[in-house]
Amino acid sequence: MPLKALASHLGPSFDSERPYTRLAKDNAVYIRTLPGSDSLQYISVYVDDLLIFAKTKSEISSIKASLHNEFNMTDLAEVNHYLGMRVRRDYSQHVIYLDQESYVNDILERFGVQDCKPVNTPMDQTKLEPYKVENAKTSPNPQEGEYREIVGSLMYLMICTCPDIAVAVSMLSRFASNPSPQHLQAAKRVLCYLWGTSNYSLCIGRNNVTLHGYSDADWGNNIIDRQSITGYLFYIGNAGPVTWALKRQPTVALSSTESEYMALPFATQEPIWLCSLLQELQIPKYLDENARPTTIYKDNQSCISLAMNPMHHARTKHIDIQHHFFCDHIDKEIHLEYLPTAEMVADSLTKPLLAPAFEYHRESMCIKHYDNTITPMTKASMTELPNE
């Protein structure tokens with residue numbers, strides 16, 4: 001049952017009174033409000049895998065019955081694995097733990113490092129340089145195939161549940177075309193880090209729905225081209241991040257203030273989309289057009305001053321217009337606040353850190369050792385989801 005087939009059926013043929021609406025901000029999510037109530041129902045689709053969300057178990061059963069009438073489906077009951085991610089819940093704390101321990105163990109076995117010595121950080125602070133060797137174009141590179149396989153395997157972890165390895169994967173991917181033995185060693189270090197943290201989980205809770213984010217940039221630490229790295233994380237409430245990303249800035253910044261300033265448009269686009277998505281999901285707080293703007297924390301006072309005062313023309317006139325994008329959103333959708341560098345979690349997305357700082361920021365990402373004393377999800381423990 002591909003997404004296209006579902007899209008053509010989640011309409012009048014599925015519910016003639018109140019069809020599902022496909023979200024404009026995420027075409028893989030469908031929503032409807034039950035007639036005569038404020039109860040919301042959601043269906044999330046990835047190819048032929050569906051997740052159903054509703055207020056009560058009876059509503060979920062009704063949705064499943066309707067879908068069974070339209071499609072040949074298999075009901076897998078309460079979700080405990082989805083797209084390679086394990087889902088565990090602590091109903092007493094209203095927390096969901098996401099991890100990919102099985103996937104990590106498969107990678108470690110595949111590359112023969114399941115018995116390696118664990119390390120505290122995924123990457124040390126050694127600068128990686130391009131591989132320079134004679135006859136590189138004509139001689140086969142013995143580590144190229146294995147290197148690419150490792151980096152490719154790590155990317156899925158980075159995207160789904162492991163923002164803590166994001167900067168390592170980003171830096172390693174730059175050398176995929178011609179990796180050196182040093183690059184391969186650095187890639188295997190990430191595997192050793194994962195061996196020691198395979199039972200860690202990304203923790204997501206429901207304590208509140210306030211969206212806030214952290215944006216940071218290094219300044220010219222890339223010794224190859226001196227282009228800076230930009231990174232951000234956004235959280236909903238006080239649990240783990242719901243989105244994160246990093247990328248290399250397209251131009252060389254002339255100062256740390258400038259690199260932080262040019263990081264703002266990259267970070268600004270994400271909360272604008274997230275707020276629109278939350279509004280479409282009909283989260284009450286985001287239905288108010290006059291809601292407080294999303295706070296983005298920065299650790300550079302000069303950057304904040306520059307962003308809040310566009311009259312500093314002499315300092316910004318050489319910066320491309322695309323980097324002034326966020327100026328239209330300051331104090332409307334976006335509010336900037338200062339945060340000391342020691343507390344800036346996005347710093348871990350811009351460069352490798354020493355173990356104490358890295359572990360502090362990993363804790364800030366709510367990546368934690370899973371507590372095995374938590375009662376597994378059973379029918380008896382499902383007290384949060386009423387029958388009616």
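What follows draws every value from the coordinates through simple rules; no lab data is involved. Just so it is clear, the structure is predicted and the values come from calculations on it, not from any experiment. Cβ: placed from backbone, ideal geometry, glycine included. Neighbour counts: every protein chain shown.
In nm², what is the average projected area of the convex hull enclosing the Cα atoms of segment 269-310?
3.7 nm²
For residue 114 and residue 159, what does the FRET efficiency come to when R0 = 22 Å and r is the distance between their Cβ atoms, rounded to the nearest 0.05?
Once the sixth-power term is evaluated, E becomes 0.45.
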Response to the item:
Check: in segment 90-215 the Lys pairs 8 or more apart or on separate chains whose Cα atoms fall under 23 Å apart number 4
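If you count, for each residue, the other Cβ atoms within 10 Å and average over each peptide, how do 116-127, 187-198 line up from highest to lowest?
Taking the mean over residues of other Cβ atoms within 10 Å, the ranking is 187-198, 116-127.
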Practice prompt. Determine, for each peptide in 259-267, 146-154, 159-167, the mean count of other beta carbons within 10 angstrom over its residues, then list the peptides with the highest first.
Written response: 259-267, 159-167, 146-154
Worksheet item: By how many nm would the segment from residue 125 to residue 359 grow when fully extended, if each residue of separation counts as 0.36 nm and the alpha-carbon distance is taken off?
Response: 82.7 nm
Discussion item. What does the extension gain come out to for residue 74 and residue 21, with contour length at 0.36 nm per residue minus their alpha carbon separation?
Written reply: 16.7 nm
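Just want the ordering: 232, 46, from fewest to most Cβ atoms lying within 10 Å of their own Cβ. Walk me through the numbers on the way to the answer.
Working: 232 29, 46 11.
So the residues, fewest neighbours to most, are 46, 232.
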Practice prompt. For segment 178-279, list log₁₀ I(q)/I(0) at each q in 0.11, 0.12, 0.14, 0.24 Å⁻¹, using the Debye formula over Cα point scatterers of equal strength and ignoring solvent, two decimals each.
Written response: -0.51, -0.59, -0.77, -1.11
Practice prompt. Neighbouring Cβ atoms within 10 Å as the yardstick, rank 183, 212 fewest first.
Written response: 212, 183
Practice prompt. May I ask you to order 20-30, 347-357 by the average number of other C-beta atoms within 10 Å around their residues, highest value first?
Written response: 347-357, 20-30
Response to the item:
For residue 334, the residues 5 or more places away or on another chain with a placed amide H closer than 5 Å to its own amide H are 294
Fill in: Rg/Rh ratio calculated on Cα atoms of segment 98-197 (Kirkwood radius)
0.97
Practice prompt. Arrange 358, 71 by Cβ neighbour counts within 10 Å, fewest through most, would you?
Written response: 71, 358
